[in-house]
Amino acid sequence: MFTKPIHTKLLYLAILAAALLLPWYVPDAYIFQIVTMSILYAVAASGMNLILGFTGQVTLAHGAFFGMGAYGVAIMTKAGIIFWLALPVSALIAAFIGLLIGLPTLRTRGAYFAIVTLCFGVIVWIVSGNWVELTGGHNGIFGIPRPSPIPVPFFGQIEFFSQTSMYYLSLAVLLLVLFALYRLVYSVFGLTFMAVRNNEPLADSVGINTYATKLISFVAGNFIAGLAGGMYAAIMGAVSPSAAGYMLTFNFLIFVILGGMATLPGPVVGAFAIPVLMEFMQFLDDYRMLIFGALLIVVIIYFPMGLVGGLRRLNQKVAARRQQKVSESGHASR
Amino acid sequence: MDLFLQQVFNGIMFGSTYAIVALGLTLVMGILNIPNFAHGHLYMLGGYLLFFFGSTIGLGYWFGLIVSVAAMGVVGVLMERIVYRPLNDQPHINAFIAAVGSLLFLESFALVVWGSQGLRIPNPYPQMIEIMGITTSIQRLLVIIGAVLLIAGLHLFMKKTILGATIEAVAQNREGAMLTGINVNRVSAMTFAISAGTAAVAASLLSPIFMLSPSMGAILGMKAFVIVILGGMGSIPGAIFGGYLLGLIEALGGGYLSAAYKDVFAFGALILILSIKPTGLFGQKEV
């Protein structure tokens, strides 16, 4: 049911190889930084995709949960807790706050849920700019230490001072998250997410606990956002309220929608394609968001499946046509 | 006591703006069932258009106001036609996303055309007057009077004219309205025009007092949502009452508790109320 054709598998393998070898052919530190950031955005956007794409709940607080992870790691590592403990704890905090917020707000539906989460996102953003004792106010927190080295027997230790090592760490997190999502979404339990999205009353009537399903999706998605945020803090070395802002949420939204809602590669493609596109459109300066705003509208009207969804449909059409031709020529020879 | 009265006065002034903006939003949400996330940004654009027509072209405040309101009406029609109408039959989630797209578009449009620096519209009535121990400028008084006139005018339009009745008919039952021969698409476009136009009025009244900036629509738009949800989607009295209530809560909360966190109170109240009653305070049960 979910098996992929061989050429798709080969494509994924080629992309993985290209990603692993990236430090050898991208020497430019600036581009390298953009790629590393794209990986983190891909992680966060994948989490949003779980809630938005697969479960159909328009969460507009994703930037806030990203920010909780970032501030969590920043505050804990500055207090002397090692990164390897601070990262999962921060992600768990984001997930726990997601649970507390999800419990009441997931009773609302559609537009109401979107607005409630947007309001929550703005509250987190305002608090992160004003709670000076905890978050450093509008200046944020500087000088976040890099992750401590991991000792490996017979090998020495893996250090995380260079950009390259942080790149591989981010890549590992992305692959781990994608694998987890793959196992989750294509399991029988994952099908209930899509059942809730497609028809909530129907899902309810066949015995799915829709409220619990939405809650699990929301908490898991926010855990992933917190994880991405924690990595962001360690790589950037500084966090400011913009790492928890609602503009970040809208960026994630653009990645998910333009890349392709409810597909696993979609948010990853979006998170890579769009920052790269932005870099190429650097000369356009302020006009960039103007174009992206318009692009978002055009895509949602004409290609609601996004880039990956569109490619898949094209692929299916080509395959169908080929099959038709084969069967036609078969008839002719007979 | 004077401070208290002053705060109440400010609250009523802000409340007037909130009431008008929420009114426009509740009309659109009642009719199309689409949360127009970009509504606050229509308000922002209205302010900038007043700057453009009034100051840059030099029509002056009042002519600039009339032209900018008319222009915003056209913007509203275009928005309905280009962004929302093609999404009528698609899942609701797509309309939210299109709304976020238009919000980003409008904000960066203002940023590109007018820059991120705050702009000031010359205040046509800067004179100060004193009533009952409250010192205020005439412009501030104008905000309150203008809001009352606009609300009264809109009420008469909705209740006494056929066009207003068609809006209400579509809000109550879309299919039923179609059956009686109402052109639903035209009513939607008109509602959007009124909604954008009223937002422009609010912006025109308030902007001589405060600076214009491309980001000023975002928070205001969200507050309008808070009001609409508290007052019940599509309820006009709810929007007016909620607008003044929020204005007063903010003025008193900001004046006596904490100015930095005043928006947190409003949004926190929304989360709390929707947690207890998921369809809003006066919302009907959904089907």
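The values are calculated or read from the model by the stated rules, or taken from the named source; none is laboratory data. Computed from a predicted model, the values in this text were never measured in an experiment. No Cβ is skipped: glycine too gets one built from the backbone with ideal geometry, and neighbour counts run over all protein chains shown.
Of the residues making up region B:235-243, one or more are touching a residue at least 40 places away in the same chain (Cβ under 8 Å), at negative phi and either facing another protein chain (nearest Cβ under 9 Å) or polar (S, T, N, Q) (or both). Restricting attention to region B:200-215, does a residue exist that is within 13 Å of chain A (Cβ to nearest Cβ), on the phi < 0 side of the Ramachandran plot and not hydrophobic (A, V, I, L, M, F, W, C)? Taking every residue of region B:200-215 in turn, at least one turns out to be within 13 Å of chain A (Cβ to nearest Cβ), on the phi < 0 side of the Ramachandran plot and not hydrophobic (A, V, I, L, M, F, W, C). Checking B:113, B:100, B:77 one by one, the residue that is touching a Phe, Trp or Tyr at 6+ places or on another chain (Cβ under 8 Å) and away from chain A (no Cβ under 11 Å) is B:77 and no other.
Looking at (1) surrounded by 18 or more Cβ atoms within 10 Å (Cβ to Cβ); (2) of a type in the set (Ser, Thr, Tyr); (3) away from chain A (no Cβ under 14 Å), which one does residue B:84 not meet, given that it meets all the others? For residue B:84, the failing item is (3). There is no residue in region A:232-249 that is within 17 Å of the chain's Cα centre (by Cα), of a type in the set (Val, Ile, Thr) and modelled with pLDDT of 95 or more.
Residues in region B:32-49 that are buried (at least 24 other Cβ atoms within 10 Å of the Cβ) and not in a helix (DSSP H, G or I) were compared, and the one that is modelled with the lowest pLDDT is B:35.
In region A:79-140, counting only helices (runs of 4 or more DSSP H) that sit wholly within it, the ones holding 2 or more residues that are buried (at least 22 other Cβ atoms within 10 Å of the Cβ) and either at the interface with chain B (Cβ under 8 Å from one of its Cβ atoms) or not aromatic (Phe, Trp, Tyr) (or both) span A:83-105, A:110-130. Out of all the residues in region A:288-324, which are under 26 Å from residue B:89 (Cβ atoms), surrounded by 15 or more Cβ atoms within 10 Å (Cβ to Cβ) and charged (D, E, K, R)? A:312 - this is the single residue of region A:288-324 that is under 26 Å from residue B:89 (Cβ atoms), surrounded by 15 or more Cβ atoms within 10 Å (Cβ to Cβ) and charged (D, E, K, R). What is the one condition in (1) surrounded by fewer than 22 Cβ atoms within 10 Å (Cβ to Cβ); (2) without any contact (Cβ under 8 Å) to a residue 40 or more places away in the chain that residue B:77 does not satisfy? Answer for residue B:77: the failing condition is (2). All of B:212, B:206, B:252, B:248 fail the test of being out of contact with any Cys (no Cβ under 6 Å at 6 or more places or on another chain), in contact (Cβ under 8 Å) with a residue 40 or more places away in the chain, over 20 Å from residue B:155 (Cα atoms) and buried (at least 24 other Cβ atoms within 10 Å of the Cβ), apart from B:206. The one condition from (1) surrounded by 13 or more Cβ atoms within 10 Å (Cβ to Cβ); (2) within 21 Å of the chain's Cα centre (by Cα); (3) more than 16 Å from residue A:232 (Cβ to Cβ) that residue A:149 does not meet is (2). Looking across region A:10-25, the residues that are more than 15 Å from residue A:269 (Cα to Cα) and surrounded by 14 or more Cβ atoms within 10 Å (Cβ to Cβ) come down to A:22, A:23.
Screening residue A:279 against (1) within 16 Å of the chain's Cα centre (by Cα); (2) assigned to a helix (DSSP H, G or I); (3) away from every other protein chain (no Cβ under 11 Å) leaves a single unmet condition, (1). Taking residues in region B:160-188 that are farther than 14 Å from residue B:33 by Cβ, and partners anywhere that are aromatic (Phe, Trp, Tyr) and surrounded by 13 or more Cβ atoms within 10 Å (Cβ to Cβ), the pairs with Cβ atoms closer than 6 Å and at least 6 places apart or on different chains are B:164/B:157.
For residue A:244, the requirement of being within 26 Å of residue A:142 (Cβ to Cβ), buried (at least 18 other Cβ atoms within 10 Å of the Cβ) and more than 13 Å from chain B (Cβ to nearest Cβ) is met.
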